[in-house]
1. Starting with the highest mean, order 70-77, 98-105, 46-53 by the number of other Cβ atoms within 10 Å, averaged over the residues of each peptide.
2. Suppose R0 equals 25 Å; then what is the FRET efficiency for Thr120 and Ala94 from their Cβ-Cβ distance, rounded to the nearest 0.05?
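Just so you know, all these numbers are worked out from the coordinates, no wet-lab data involved. Everything numeric here is computed off the predicted structure, so don't read it as measured data. Reconstructed Cβ throughout: ideal geometry from the backbone, glycine too, with neighbour counts over all protein chains shown.
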Amino acid sequence: MRVFPHKTHRTSNGDAMLARTLTFWQKLRAFVGVKEEGSQLVEMAVVAPLLLIILTGMASFGIALYSQQQLGLAASQAVQAVSLDTSQITDPCATIETAVSESLPQWSAANISYNLTIYTGNTTTPSVTTGTLKGAAFTCKSDNADLTQFQPIVLTVSYPYTWFPIMGWAKYGTGASPSTPTGSLTTTQAAMVQ
């Protein structure tokens, strides 16, 4: 290793300053700015979990929004199908259930809840309101006669939804598990009977 003699030079205020020549590794460290070994590792250990939680939350929210749009589109198509073909429908509820479950083939049809309100002439008081029923139990065969032209029908569809599905995250201490729904997606669609 070659050692260079120290050189003396003057600073801007006239003080004499001793300058010494640095080795390659010392120059590299000075250039990069590493003065404390391992500080970046500690900073990364502190920031990484927070960053992962934020990214996972954003992805989970995006998945929920996409699922909500799918549910809304399926319910809208189902209520439109009933409002356009009233003369050929014998059970509007079964028609809605079939249309929604066919539009969402990856979803569990038995977990989809339906509530249908049919108006006949007075939009303040409905003529028929079905209770909230799930899956194939959603039927209202006698309600076909109540489908009056130019009167609204209102459909509410909901589906249980687990937030943070990416992580399968839940509080195990309260009896919940990743497969237990922690909320629901709900949409309400209306159409005018033609």
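1. Listed from highest to lowest mean packing, they are 70-77, 98-105, 46-53.
2. On the way: r = 20 Å, r/R0 = 0.80.
The calculated FRET efficiency here is 0.80.
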